[in-house]
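The block underneath contains the structure these notes are about, expressed in structure tokens.
All of the numbers you see were taken from the coordinates with simple rules; none came from a lab. Given the structure is predicted, the values throughout are model-derived calculations rather than measurements. We place every Cβ from the backbone using ideal geometry, glycine too, and count neighbours over all the protein chains shown.
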Amino acid sequence: MYRRILMSLFGNEIKEAIISLDIASVGPLTNKALADGVKPKQILDDGLLIGMAVVGERFKRSEMFVPEVLMAAKAMTEGLNIIKPLLAGEDAKGKGTVVLGTVKGDLHDIGKRIVAMMFEGAGFDVIDLGYDVAPEAFVSKVKETNACIVGMSAMLTTTMMQMKITVDALKEAGLYDKVGVMVGGAPLTVEYAEGIGAKYSPDAQVAVEVANNIVQ
Ligand code: B1M
């Protein structure tokens, strides 16, 4: 109960700091919440993600523009960087390697970084290839690391087809049957994912469940 009240206080302050592009405050507020016993996952879900979701909505309605969205993303990163090692410490390692990246032509990486953190927290070793990742780069990293999962993120309707191109490249290299392919990102649907032979997750939490199912 006490923790829930604390989180609604801190969550709201963290959320508001992101929305008001107050980059300097997100780190200290995150540290304060942690010091008062709020769980890292709660800070992520009830503060950082909600703040960024509001920014996303305002961007959609043209009430915020690219430079502001970048500042909000920077503010969010201040908090993410603090909770990342703590999330990663919440479970044991050793479930296998996940090669992760945002597909070619796509620069959105906030959601993918959250997925990476949650995977690490769930015990996977994550190789994050970053954004604008070409199909060949996914293929060669999967080959090199003997990964059990390859995860792709796309946020643009114009880049999601890169996922199919990457799946085809994995098939071509004889790797498709050896890895689980996971996809996610705002424009995707379960139908699209299934159509290209991949598993879909709407968010990072579900992504962990899907990854756990793949390795079981
Ligand atoms: Co852009 N952008 N953006 N953007 N941006 C969107 C995606 C958009 C929906 C906004 C809008 O117009 N409504 C729109 C896409 C429209 C479309 O294609 N249908 C859009 C556009 C148009 C553009 C540009 C073209 C704008 C321009 O230049 N005119 C341009 C494209 C650049 C490019 O990529 N080539 C562009 C640029 C940018 C910024 C650089 C300014 C910035 C990205 C900064 C960064 O990532 N470092 C940005 C941002 C931040 C957004 C919005 C506002 C927020 C995205 C985000 O970070 N959300 C976004 C609007 C929106 O989504 N409402 C928008 C928070 C994040 C936590 O959620 O990424 O959905 P999300 O991740 C979730 C799930 O999707 C899921 O789990 C995550 C965590 O729960 N998930 C996975 C994601 N990947 C997964 C992988 C998995 C599993 C789950 O398995 C492997």
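Things worth noting here:
- In the chain, the calculated helix contribution to ellipticity at 222 nm averages -18000 deg cm²/dmol per residue, counting -39,500 (n - 2.57) for every DSSP H run with n ≥ 4.
- Amide hydrogen proximity for Met182: with H placed 1.01 Å from N in the peptide plane, the residues at 5 or more positions away or on another chain lying under 5 Å are Val150, Gly151, Met152, Lys199.
- Note on the chain: GNM, Cα springs under 10 Å; of Glu172, Glu120, Glu13, the largest mean-square fluctuation is that of Glu172.
- For region 69-154, trypsin sites (Lys or Arg not before Pro) are listed when DSSP marks them as loop and at most 13 other Cβ atoms sit within 10 Å of their Cβ; the list is Lys93.
- Residues considered: Phe119, Phe59, Phe138. Largest GNM mean-square fluctuation over the chain, using C-alpha springs under 10 Å, is found at Phe59.
- In the elastic network of the chain, a GNM with C-alpha springs shorter than 10 Å, the most mobile of Met76, Met161, Met152 is Met161.
- For region 41-70, trypsin sites (Lys or Arg not before Pro) are listed when DSSP marks them as loop and at most 15 other Cβ atoms sit within 10 Å of their Cβ; the list is Arg61.
- Linear extension gain, Val215 paired with Ser20, 0.36 nm per residue minus alpha-carbon span: 66.1 nm
- Taking all Cα pairs closer than 8 Å and separated by 6 or more residues, the relative contact order of the chain comes to 16 percent.
- Inter-label distance for Lys171 and Ala53, nm, one decimal - labels placed 7 Å from Cα along Cα-to-Cβ: 3.6
- Pairs over the 31 Å Cα-Cα cut-off, from the set Lys84/Lys199; Lys112/Lys143; Lys60/Lys141; Lys74/Lys104; Lys15/Lys95; Lys60/Lys178: Lys60/Lys141; Lys15/Lys95; Lys60/Lys178.
- Amide H to amide H distances under 5 Å link Met64 with Phe59, where only residues 5 or more positions off or on other chains count and H is placed in the peptide plane.
- Prolate/oblate/rounded label for region 63-192 (Cα gyration tensor, a/c 1.5): oblate
- Rel. contact order, % - alpha carbon contacts under 8 angstrom, at least six apart, region 25-136: 25
- Amide H to amide H distances under 5 Å link Val133 with Thr102, Val103, Lys104, Gly105, Asp106, where only residues 5 or more positions off or on other chains count and H is placed in the peptide plane.
- Other residues whose C-beta falls under 15 angstrom from the C-beta of Gly105 contribute a net charge of -1, scoring Lys and Arg +1 and Asp and Glu -1.
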